[in-house]
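To start, the structure under review is shown below, and the notes come after it.
The values are calculated or read from the model by the stated rules, or taken from the named source; none is laboratory data. In this text the structure is predicted, and so the values were computed from the model without any measurement. Positions of Cβ are generated from backbone atoms using ideal geometry, with glycine treated the same way; all protein chains shown enter the neighbour counts.
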């Protein structure tokens, strides 16, 4: 008797799991035999790679423009002062530190200016 109940519980768990997945969206497909099957949609990544690349490029351009406008020495001294602050400020200083890419971009921006 308990074996029958365990099988029933297993079937209920499978149906419940499928129902939970279908609640997030589904796709109905018609097979070659004419049978309509409903399958859950695939989960998508919440953050798209293009958005990550755009954000990184934006930060690099911002850092390069900051280096051009303030000068490398003043920029580094401000970042050093920022790194001795709170946890948030320390993280911001780590992100905003002058790296080779932003320095290269700043040098090229200075060359393009009159």
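Within the range 36-49, is there a residue that is in a helix (DSSP H, G or I), out of contact with any helix residue (DSSP H, G or I) (no Cβ under 7 Å at 6 or more places or on another chain) and surrounded by 10 or more Cβ atoms within 10 Å (Cβ to Cβ)?
Taking every residue of the range 36-49 in turn, none turns out to be in a helix (DSSP H, G or I), out of contact with any helix residue (DSSP H, G or I) (no Cβ under 7 Å at 6 or more places or on another chain) and surrounded by 10 or more Cβ atoms within 10 Å (Cβ to Cβ).
Of the residues 73, 25, which single one is modelled with pLDDT under 95 and surrounded by 11 or more Cβ atoms within 10 Å (Cβ to Cβ)?
After ruling out the rest, the residue left standing is 25.
Check the range 88-97 and report whether any residue there is exposed (fewer than 10 other Cβ atoms within 10 Å of the Cβ), outside the structural domain of residue 19 (by TED's automatic domain parsing) and out of contact with any helix residue (DSSP H, G or I) (no Cβ under 9 Å at 6 or more places or on another chain).
Yes, the range 88-97 contains a residue that is exposed (fewer than 10 other Cβ atoms within 10 Å of the Cβ), outside the structural domain of residue 19 (by TED's automatic domain parsing) and out of contact with any helix residue (DSSP H, G or I) (no Cβ under 9 Å at 6 or more places or on another chain).
Note down all Cβ pairs under 9 Å where the first residue falls in the range 83-106 and is assigned to a loop (DSSP other than H, G, I, E, B), the second is exposed (fewer than 12 other Cβ atoms within 10 Å of the Cβ), and they're at least six residues apart or on different chains.
From residues that are assigned to a loop (DSSP other than H, G, I, E, B), the pairs are 83/94.
Only one of these conditions is not met by residue 32: (1) modelled with pLDDT of 95 or more; (2) assigned to a loop (DSSP other than H, G, I, E, B). Which number is it?
Looking at each condition in turn, residue 32 falls short on (1).
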